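Step one of this worksheet: look at the structure below.
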Amino acid sequence: MHSPTIVRRTRIALLVGGVFAASAQAQTQGPAAGDVADAPPAAAPQIVTINGEREREGEKARSRGALGARADLDTPFATATVTSEQLEDRQATSLAQVFLEDASVTTKGGTYTQSSHAIAVRGLSLDFTNGFKIDGQPFQMYGVELPLETFESVQLLKGATGFLYGFSAPGGIINYVTKRPTDEPTFSADVGYASGSLRKAHIDAGGRFGTDNRYGYRANLVHEEGRTYNGVGLKRNAASLALDAHVTDAITWNASLLYQERDLKGGAPTVSLQALPAASRLPSPVDGRTDYGAYDSTYYDSTMWMATTGVDWQLARDWKLNLTYGHTFKRIDSAYETLYLTNAAGAYSNRLNPFYRPTLTYNALSATVEGKFATGGLRHTTVFGASRQSLSRTLNPQSSLSLFSAATAGNLYQPPPVLVDASNVDRNTFYTISTWRHKSLFASDTIDFNEHWSLLAGVRQVDYENLNYAATGARNSAYRKKPTSPTVALLYKPVPAATVYASYVEALEDGGTVSNTYANANEVLAPLKSRQAEVGVKTDQARWGASAALFRVRRGATYADYSTDARGVFTQGGELRYQGLELNGHADLQRWLALNAGVTWLDATYRETTPAIVGNRVESTPRLQAVLGADLKVPQVAGLSLHADASWVDEQYVNSANAWTVPSVALFNLGAAWRTRARDHWVTFRLQVNNLADHRYWYSTGANALQIGAPRTVSVNARIDL
């Protein structure tokens with residue numbers, strides 16, 4: 001008899017396989033006889049002849065760091081892009097929701113917690129210092145949920161990307177692309193309401209002005225305020241401004257500014273298993289609507305701004321130069337709770353973690369030259385350049401775990417106790433905990449042998465220095481590394497809209513700083529090396545697309561060692577191995593129906609570490625994930641569309657000892673959008689329901705850490721384009 005787990009996996013595999021098969025069939029079929037256009041016909045029918053084809057997503061050139069501007073089909077790594085239209089239709093409010101339809105991405109943090117930014121790709125958490133970019137410029141992401149309303153798209157480049165951008169964890173790179181000036185005047189305003197009592201207003205305006213429309217602008221303003229579904233008070237203000245100027249026919253100047261203040265009062269606490277006996281089972285999941293804020297003044301406030309300026313210079317027909325400078329400032333002021341479970345019945349002790357006003361300053365300067373030339377019968381696409389980055393972090397010397405008053409005990413299934421903050425912290429004392437400098441030179445060359453075969457070779461030489469200080473000002477550690485990150489890839493195009501590739505890349509990543517939950521809190525760890533090999537195929541046809549990638553990543557290991565201290569000592573040593581297969585596909589089955597599906601199988605294990613955990617699965621890594629989505633344009637109602645998606649995440653171990661398992665979870669989301677005309681203006685109404693079945697669940701966020709899954713949430717939005 002087959003086990004229920006095997007049956008579930010078989011059904012998912014058959015479902016995904018069916019979508020790929022339907023995709024191939026859809027390519028050969030024309031529109032169905034009953035198809036109806038998206039909008040009502042005009043009073044007098046017109047015949048319009050359009051020559052050419054639409055630019056498909058896989059053919060759009062996107063910034064790829066040291067690879068230059070390159071289409072997805074020409075990139076020898078797995079990629080994913082989510083547009084602003086998709087973000088608006090799904091009413092995405094967090095990074096986890098952005099890539100909800102990608103089966104290789106899992107969430108590692110709650111939207112209304114200090115780890116709202118945290119996600120993992122292929123089981124690997126992204127480097128919050130080097131794994132996130134805004135318009136290609138580095139941004140330190142820890143503790144920040146960026147305003148999605150201000151971005152044109154969010155791009156994900158999966159895998160070890162150290163060659164492309166310098167230091168980076170092997171999970172991948174996320175690049176937020178700011179909304180840019182529009183050729184035609186544009187103005188839209190929208191208002192929204194979400195579960196709890198969250199109210200939001202957003203304005204988006206852009207256009208060009210001046211002689212020959214030389215100057216362009218794009219501005220966005222956002223205000224959000226109210227209570228979330230779990231009682232957290234949220235107040236958010238964000239603004240962005242993008243400018244450009246055509247200085248000459250060959251030179252364009254651009255600049256952008258992004259600012260956000262995001263304040264949370266209360267907050268969903270992290271649930272820690274550090275004090276839970278190993279023989280215990282996990283408590284049953286709790287209702288995500290429960291307000292566990294036992295301390296009335298718990299809060300998490302973040303302030304950030306980023307300014308960039310740059311020049312694009314078309315040196316010749318096939319050569320161009322980009323010079324860009326970016327500056328980021330970020331400050332976090334917080335006091336958040338951690339619930340330490342003590343038994344399977346839900347008992348816990350509550351602690352307050354004051355993390356007062358740490359700041360971060362980031363500067364980045366880059367210069368890149370891209371060009372094409374020929375040598376004999378070979379065509380070359382070359383990119384070379386240099387970059388320099390510097391970062392400085394300050395910390396309050398008393399930012400460590402601090403007990404509340406004596407009565408800290410509570411239970412997950414009972415009202416939380418009323419606690420008083422008993423910590424004594426000087427909020428106005430700071431010290432510089434670390435500074436680092438990152439300089440690099442890079443070059444890549446893609447050699448086209450003919451219309452089918454090409455070879456990519458690249459190298460980045462890095463000079464990395466990391467200095468770390470104690471609260472007294474004394475230097476307690478220093479690292480100086482000068483690694484070389486090579487990459488090589490072979491690409492084969494059997495047809496213009498399909499690519500088969502094999503790639504190899506090496507990368508070095510910042511070791512990071514140990515969090516406050518461990519005995520060696522605030523220790524700065526040495527850099528880690530990773531190696532990745534990937535073989536894949538991708539295609540983007542007129543009515544369907546698909547991709548597959550087989551990958552293996554070998555990475556230096558970091559893990560919690562509990563042999564000497566019950567709190568755990570976060571340390572380095574040995575190796576982790578991540579290997580797996582991911583499949584993705586989408587198909588326009590009819591003019592009114594589109595499907596997308598994906599599945600990722602992952603095997604992540606500890607190798608050559610402490611003997612107690614060798615062979616164990618890496619914590620927070622599901623063995624299998626799957627997604628299925630559908631978009632339906634209702635033929636009977638012009639402008640009305642429906643969308644639905646389902647996701648399934650396999651069970652996960654919660655720590656390196658594999659002591660506890662978070663059960664698998666299936667979630668369902670449903671939404672609708674109706675676009676119509678009102679007094680010569682387009683008006684759009686949107687509805688989104690997440691976790692439709694109101695399922696209660698835990699999700700694993702790291703070693704011995706859980707978050708409470710969000711309950712059913714409903715959000716509505718209305719937008720007018722003037």
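The listed residues Ile173, Ile720 rank as Ile720, Ile173 when sorted by accessible area, largest first, using a 1.4 Å probe. For Cα pairs less than 8 Å apart in space and 6+ apart in sequence, what is the mean separation divided by the residue count of the chain, i.e. the relative contact order in percent? Reported as a whole number, the value is 13 percent. The largest-to-smallest principal axis extents of the Cα set in the stretch 658-722 are 62, 21, 13 Å.
Can you work out D for the stretch 415-485 in µm² s⁻¹ from Stokes-Einstein, where Rh is the Kirkwood radius over C-alpha pairs, the temperature is 4 °C and the viscosity is 1.567 mPa s?
On the way: Rh = 17.4 Å.
Here the translational diffusion coefficient equals 74 µm²/s.
Mind running the shape call on the stretch 410-536? Use the C-alpha gyration tensor, a ≥ b ≥ c as the square roots of the eigenvalues: rounded below 1.5 for a/c, prolate if a/b tops b/c, oblate otherwise. Oblate shape, in that a/c is at least 1.5 and b/c is the bigger or equal ratio. Accessible-area rank, largest first, for Trp592, Trp436: Trp592, Trp436, with all protein chains present and a 1.4 angstrom probe. Other residues lying with their Cβ under 9 Å from the Cβ of Glu224 contribute a combined charge of +4, Lys and Arg counting +1, Asp and Glu -1.
Distance cut-off 27 Å, Cα to Cα: go down the list Lys158/Lys265; Lys108/Lys493; Lys133/Lys538; Lys108/Lys330; Lys179/Lys200; Lys133/Lys320 and report the pairs above it.
Result: Lys158/Lys265; Lys108/Lys493 exceed 27 Å.
For Trp313, what charge total do you get from the other residues with a beta carbon under 14 Å from its beta carbon, if Lys and Arg give +1 and Asp and Glu give -1?
Working: positive: Arg317, Lys320; negative: Asp244, Asp249, Asp312, Asp318, Glu370.
Counting the neighbours of Trp313, the net charge comes to -3.
Protein heavy-atom accessible surface, 1.4 Å probe, per residue over the chain: 43 Å². Dividing the summed -39500 (n - 2.57) terms of all DSSP H runs of n ≥ 4 by the residue count of the chain sets its mean residue ellipticity at 222 nm at -1500 deg cm²/dmol.
The solvent-accessible area of Glu608, taken with every protein chain present and a 1.4 Å probe, is close to 140 Å². About its Cα centre, the stretch 626-705 has a charge dipole of approximately 480 debye under the convention of +1 per Lys or Arg Cβ and -1 per Asp or Glu Cβ, with nothing else charged. Rg/Rh for the chain stands at 0.95; both radii use Cα atoms, and Rh follows the Kirkwood definition. Ser656 sits among other residues whose Cβ lies under 10 Å from its own Cβ, and their net charge, with Lys and Arg +1 and Asp and Glu -1, is -1. With the dipole of the stretch 549-663 worked out from charges on the C-beta (+1 for Lys and Arg, -1 for Asp and Glu) around the Cα centre, which of Val634, Asn584, Asn655 lies farthest toward the positive end? After comparing all options, I get Asn584. Here the extension length gained between Asp565 and Phe329 equals 81.3 nm, from 0.36 nm per residue of separation less the Cα-Cα distance. Each of Ser477 and His452 was given a label point 7 Å from its Cα along the Cα-to-Cβ line. The distance between the two points is 5.2 nm.
A simple rule links phi to the HN-Hα coupling: the Karplus curve 6.51 cos²θ - 1.76 cosθ + 1.60 with θ = phi - 60°, which for the stretch 133-145 gives 10, 10, 6, x, 9, x, 9, 7, 8, 3, x, 10, 10 Hz, with x for Gly and Pro.
Taking the Cα centre of the chain as reference, the dipole from Cβ charges on Lys and Arg (+1) and Asp and Glu (-1) amounts to some 820 debye. Let me know the shape class of the stretch 284-351, please: from the alpha-carbon gyration tensor, a ≥ b ≥ c as square roots of the eigenvalues, rounded when a/c is under 1.5, otherwise prolate if a/b is greater than b/c, or oblate. Prolate. Modelled spin labels at Val716 and Asn520, positioned 7 Å past Cα toward Cβ, are 5.4 nm from each other.
Relative to the Cα centre, the charge distribution of the stretch 134-291, modelled as +1 at Lys and Arg Cβ and -1 at Asp and Glu Cβ, gives a dipole magnitude of about 540 debye. As a rough guide to protection, the peptides 361-374, 326-339, 257-270, 668-681 ranked by mean Cβ packing within 10 Å, highest first, stand as 257-270, 326-339, 361-374, 668-681. Amide H contacts of Ser664: Glu651, each under 5 Å away and 5 or more positions distant or on a separate chain (H built 1.01 Å from N in the peptide plane; Pro and chain starts excluded). Between the stretch 310-361 and the stretch 409-468, what is the C-alpha centre distance in whole Å? Rounded to whole Å, the Cα centres lie 8 Å apart. Each part reduced to its alpha carbon centroid, the stretch 180-234 and the stretch 617-658 end up 28 Å apart. When nucleic acids and ligands are ignored and a 1.4 Å probe is applied, Glu506 ends up with an accessible area of around 30 Å². Annotation: Ser188 carries an accessible surface of approximately 0 Å², with a 1.4 Å probe and no ligand, DNA or RNA atoms counted.
From the residues Phe151, Ala205, Ile251, which one has its Cα farthest along the dipole of the stretch 140-266 in the positive direction, the dipole being from +1 and -1 charges on Cβ of Lys/Arg and Asp/Glu about the Cα centre? It is Phe151. Between Thr375 and Gln461, residue separation times 0.36 nm minus the direct Cα-Cα distance comes to 28.4 nm. Of the residues Gly512, Gly573, Val495, the one whose Cα sits farthest towards the positive end of the charge dipole of the stretch 485-573 is Val495 (charges of +1 on Lys and Arg Cβ, -1 on Asp and Glu Cβ, taken about the Cα centre).
The values are calculated or read from the model by the stated rules, or taken from the named source; none is laboratory data. Everything numeric in this text was worked out from a predicted model, so none of it was measured. Glycine gets a Cβ as well: all are built from the backbone with ideal geometry, and neighbour counts include every protein chain shown. Quick note on the areas: whole protein, heavy atoms, side chains included, nothing else; ligands and nucleic acids left out. Shrake-Rupley method; radii C 1.70, N 1.55, O 1.52, S 1.80 Å.
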